[in-house]
1. Give the angle, between 0 and 90 degrees and rounded to the nearest 10, that separates the Cα long axis of helix 3-16 from the longest principal axis of the Cα atoms of the chain.
2. Which of the listed residues, S42, T31, L56, is farthest toward the dipole's positive end in the chain, when Lys, Arg count +1 and Asp, Glu count -1 at the beta-carbon?
3. What does the charge add up to near F86, with Lys and Arg as +1, Asp and Glu as -1, over the other residues with Cβ less than 13 Å from its Cβ?
4. What order, most packed first, do the peptides 29-37, 79-87 have when packing is the mean number of other Cβ atoms within 10 Å of each residue?
5. Per residue of the chain, what 222 nm ellipticity follows from adding -39500 (n - 2.57) for every DSSP H run with n ≥ 4, rounded to the nearest 500?
6. For the chain, with a Gaussian network of springs between Cα atoms less than 10 Å apart, report the residue from R13, R102, R43 with the top mean-square fluctuation.
7. Of the residues L50, L98, L64, which exhibits the maximal mean-square fluctuation in a Gaussian network model of the chain defined by a 10 Å Cα contact cut-off?
8. Mind listing the long-range amide H neighbours of I93? Cut-off is under 5 Å, sequence gap 5 or more, other chains count too, H placed in the peptide plane at 1.01 Å from N.
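No value in this document is a laboratory result; all are computed from the given coordinates. These numbers were taken from a predicted model, which means no experiment stands behind them. Backbone-built Cβ (ideal geometry, glycine too); neighbour counts: all protein chains shown.
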Amino acid sequence: MSIELGKRLENLRESKGWNKTYVSKKIGLKTMQTYANYEYGSREPDLETLKELAELYGVSVDYLLGKPTQTETVKTADIEDDSIIFTYEGRQIPKEDLEFMRRLMRGTRNDLK
């Protein structure tokens, strides 16, 4: 069972100031205990219920399931790749500074001026 999903549901519900009974009624559950079990992680909602919860809370099903969003995706680049323009504070890093960083990372201390 997904404790992470339960925590997300609990945090979303509390951020809205709603109680479990309110949420369970809004998504059409027969008992509040069913929804409570989702938050406790002892039961997982089916796909249709996940969709209803996502709509109710104004989030995506991916968010509920803990999948990274585009803003959470980590971007990587190899400093040896000359086709990439590296920036710092919105300005392009000069090629000589990139070379300095490469030497520094390799551990070559000569010409570190």
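1. On a 0 to 90 degree scale, this one is about 80.
2. Toward the positive end, the furthest listed residue is T31.
3. Details: positive: K75, R91, K95, R102; negative: D78, E80, D81, D82, E89, E96, D97, E99.
With Lys, Arg at +1 and Asp, Glu at -1, the neighbours total -4.
4. So the peptides 29-37, 79-87, ranked by packing, come out 29-37, 79-87.
5. -14500 deg cm²/dmol
6. It is R102.
7. Residue with maximal mean-square fluctuation among L50, L98, L64: L98.
8. For I93, the qualifying residues are F86, T87, Y88.
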